[in-house]
Structures are given as C-alpha cells and as structure tokens.
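What follows draws every value from the coordinates through simple rules; no lab data is involved. These numbers come from a predicted model, not from an experiment. Neighbour counts are summed over all protein chains in view; Cβ atoms, including those assigned to glycine, are modelled from backbone coordinates with ideal geometry.
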Amino acid sequence: MTITALPEGLEVGSHLYLRDTAIIKVLPQGLRVKGSLDLRGTAITALPQGLKVGGSLYLRDTAITVLPDDLEVGGDLDLRAAAITALPEGLKVRGVVDLRGTQIENAMSVKGQVGARSSRWSLLSL
C-alpha cells in the first residue's frame, strides 16, 4: 500500500521526513509538527496556512514559491536553492534563515522576527 496523502489536521509528535518523496504533493490543512519537517527534494509546491513547525523546516530544492503569512518555525529555516522569491511579513523563525541560492530580496524586512527567542539571529545569504 502506498501513502499518497496525509490526513487533515495531522499532528506529529516528533519529526516528519518526506525528503525526496514524489508521491505526496500537498500538505494537509492544520498540519503541526513538534519536531523538524524535511521537504527537501519533494514535489510539494505550497505550504498550508497555519503551519507550525517546532523544530527546523527544510525547503531546500523545492518548487515552493510562497510561504504562508503565519508560518512559525521553532528552529532553522533552510531555503537554499528554493524557488521562494520573498519572505512574508508575519514569518517567525527562532533559528537561522538560510537564503543561499534564492532570489529573495526582502530579507531585512523580517529581521525583527528572526531569532526572536534569542538575542542573536542570523540570515545566511550570498
């Protein structure tokens, strides 16, 4: 049996690894992951509104172009080589935001929310 979709309102108590999974193309509404969410190399093209990730969120090498306005990431946000072109104003990231290889131009507009839990924050870009 092949899993082709995740149930609406799914709550994962630890990590959710979907890396290099081509079968699942859409994440369910109400998804909450207490650990890290790894979507590197997936066919997923959008993140659901209200997505909360307690650990790190890995979007490297994805076709995702827009992040939800209310996205909250408790760890790092890895956007290396992702198709994303802008960061939403409401983005909250408590760790490092890695922008290497992206076309993001408005990174400084979210400076106040990046690393809100600590006195140190980092934006990695080249």
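List of remarks:
- Neighbours of residue 32 by Cβ distance under 14 Å: Lys/Arg scored +1, Asp/Glu scored -1, total -2.
- Gyration tensor verdict on region 1-69 (Cα atoms; rounded if a/c is under 1.5, prolate if a/b is larger than b/c, oblate otherwise): rounded
- Estimated distance in nm for a label pair at residue 20 and residue 65, the labels positioned 7 Å out from Cα along Cα-to-Cβ: 2.8
- Relative to the current alpha-carbon distance between residue 85 and residue 3, full extension at 0.36 nm per residue lengthens the span by 26.4 nm.
- Peptide ranges 65-78, 4-17 listed from the most packed, as the mean C-beta count within 10 angstrom indicates: 65-78, 4-17
- When each of the peptides 34-41, 19-26 is scored by the mean number of other C-beta atoms lying within 10 Å of its residues, the order from highest to lowest reads 34-41, 19-26.
- Exposure proxy for 33, 93: other Cβ atoms within 10 Å of each Cβ, ordered fewest to most, give 33, 93.
- Near-label residues of region 67-98 by backbone N, under 15 Å of a point 7 Å along Cα→Cβ of residue 45: 67, 83-84
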